[in-house]
Amino acid sequence: MKQMDVKPAEGRLGVLVVGCGAVATTFMTGVLMARKGLAKPIGSMTQYDKIRVGHGADKQYLHYKDIIPMADLRDIVFGTWDVYPQNAYQAAVYAEVLKAKDIEPVRDELMAIKPMKAAFDKNYAKRLDGDNVKDCKTRWDMVEALRADIRDFKEREQCDRVVVIWAASTEIYVPYDAAYHKTIDQLQAAMKADDREHIAPSMCYAYAALEEKCPFIMGAPNTTVDIPAMWELAEKTHMPIAGKDFKTGQTLVKSGFAPIIKTRNLGLAGWFSTNILGNRDGLVLDEPANFHTKEVSKLSTLETICKPEEQPDLYGNIYHKVRINYYPPRNDDKEGWDNIDIFGWMGYPMQIKINFLCRDSILAAPLLLDLVLLSDVAARAGRYGIQRFLSFFLKSPMHDFTQGEEPVNNLFEQYTILKNAIREMGGYAADEEID
């Protein structure tokens, strides 16, 4: 074992969550309950998973915290921004994800988490009507106001480090445009010119976080950090970035099940995915312009796993359709149907049906915890720029599309990349191949 080169996790870790809705409050409540011993952080890789390190007589299976220095749950301090002014307790009750018995024991802590005014543009989320919003003249003013928020929070809560994670709604789609998104200078100029078409509010959060030396994680399908200017800023500030879109339900199934079809060399004719969802996320996605952003992220999974150019007989003509339907009676209890048409020997057709009745925020909460803790480790390990090892947790992993790089969407390949990164940060050799 070589010497581990990761700074220790000393002091308090601030976690600033953009959005104080169902996902954010379920995450915060779960962490607060877990550190009191009143709940278990089930689903969290950082709290439960073990990784093999060493070989032969030296072989051990260790929890992540025994390989790399991770922040303890007791050292986490929460803050948030939201367009609605309700504190985290009120928001958690309103979300109706958790029962009263799982909220009341940490009522006081949640009530103390009061959302700061959001940097918001209603054109990017037309279904939201909150008034807890900053009065900023330009996008650059948004950046400066958010930077001040981060500094004030860090000082007020006496945090040694801060991670910023987006758990807010999906914005309308902003395609990459080299005239505005290629360099830091272009991005900054567009912000100062208040270019509201090419600069989404989420870009202001990311820019502010990186300038304040905070890792930034994009948990929605927004193209916020999927632009070269943001990669350049992450390199300049030596900060990690990760995204995009938490991989919770249907895409988790897809990224794990598609490799079965591919490994068995069965053909795939079509994959139809549809969801019903009734929470605030479902409401926002009921707007076609916002759904398009989600659709782009969900559609990328199959093609990069099956690679039709390598096996045209099997995957050369896949029909892939994704739908999300807003259905208020279900609230946070999302239901996902996958109808998969495959074919086998001599082209004979077969079908697979998957019906996943899941709880959106219950699946998302542990992902937020893992992404926050591992981004914090990455920053202390001196890793900056795109953190590809966090693809395991994300629906549409970041990649350098300007160089023709393809994202890795195969869940098992992603898991190998995750384990190797943790081994390396812990001073062990990466010893699993991805091929």
The one condition Lys192 fails out of (1) modelled with pLDDT of 95 or more; (2) in contact with a strand residue (DSSP E or B) (Cβ under 9 Å, 6 or more places away or on another chain); (3) of a type in the set (Lys, Arg) is (2)
Within the stretch 112-134, of all residues that are in a helix (DSSP H, G or I) and touching a residue at least 60 places away in the same chain (Cβ under 8 Å), the one surrounded by the fewest Cβ atoms within 10 Å (Cβ to Cβ) is Asn123
Q: Take Lys321 and decide whether it is of a type in the set (Lys, Arg) and at pLDDT 95 or above.
A: no
Reported set for the stretch 158-181 where residues are surrounded by 15 or more Cβ atoms within 10 Å (Cβ to Cβ), of a type in the set (D, E, K, R) and touching a Lys or Arg at 6+ places or on another chain (Cβ under 9 Å) is Arg161
So, first residue free of Cβ contacts under 8 Å to residues at least 40 places away in the same chain in the stretch 140-167, second residue crowded, with 23+ Cβ neighbours inside 10 Å, Cβ within less than 6 Å, six or more apart or across chains; the pairs are none
- Task: Return a yes/no flag: does the stretch 99-111 have any residue that is surrounded by 19 or more Cβ atoms within 10 Å (Cβ to Cβ), under 27 Å from Asn290 (Cβ atoms) and not aromatic (Phe, Trp, Tyr).
- Result: no
Filtering the stretch 37-71 down to residues that are part of a loop (DSSP other than H, G, I, E, B) and open to solvent by 60 Å² or more (accessible area, probe 1.4 Å) yields Gly37, Leu38, Lys40, Ile42, His55, Lys59
Taking the stretch 135-155 and keeping only residues that are outside any helix (DSSP H, G or I) and within 23 Å of the chain's Cα centre (by Cα), one is left with none
Among residues of the stretch 201-228 being surrounded by fewer than 23 Cβ atoms within 10 Å (Cβ to Cβ) and of a type outside the set (Asp, Glu), the residue nearest to Ile165 (Cα to Cα) is Lys213
By residue number, the members of the stretch 371-428 that are hydroxyl-bearing (Ser, Thr, Tyr), part of a helix (DSSP H, G or I) and under 15 Å from the mean Cα position of the chain (by Cα) are Ser375, Ser391
Heads up, the helices (runs of 4 or more DSSP H) in the stretch 272-355 (entirely inside) with at least 1 residues that are under 30 Å from Leu128 (Cα atoms) and open to solvent by less than 50 Å² (accessible area, probe 1.4 Å) are 280-285, 288-306
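The values are calculated or read from the model by the stated rules, or taken from the named source; none is laboratory data. These numbers come from a predicted model, not from an experiment. So basically every Cβ, Gly included, is an ideal-geometry build from the backbone, and we count neighbours across all protein chains shown. Calculation scope for accessible area: heavy atoms of the full protein, side chains included, ligands and nucleic acids excluded. Shrake-Rupley method; radii C 1.70, N 1.55, O 1.52, S 1.80 Å.
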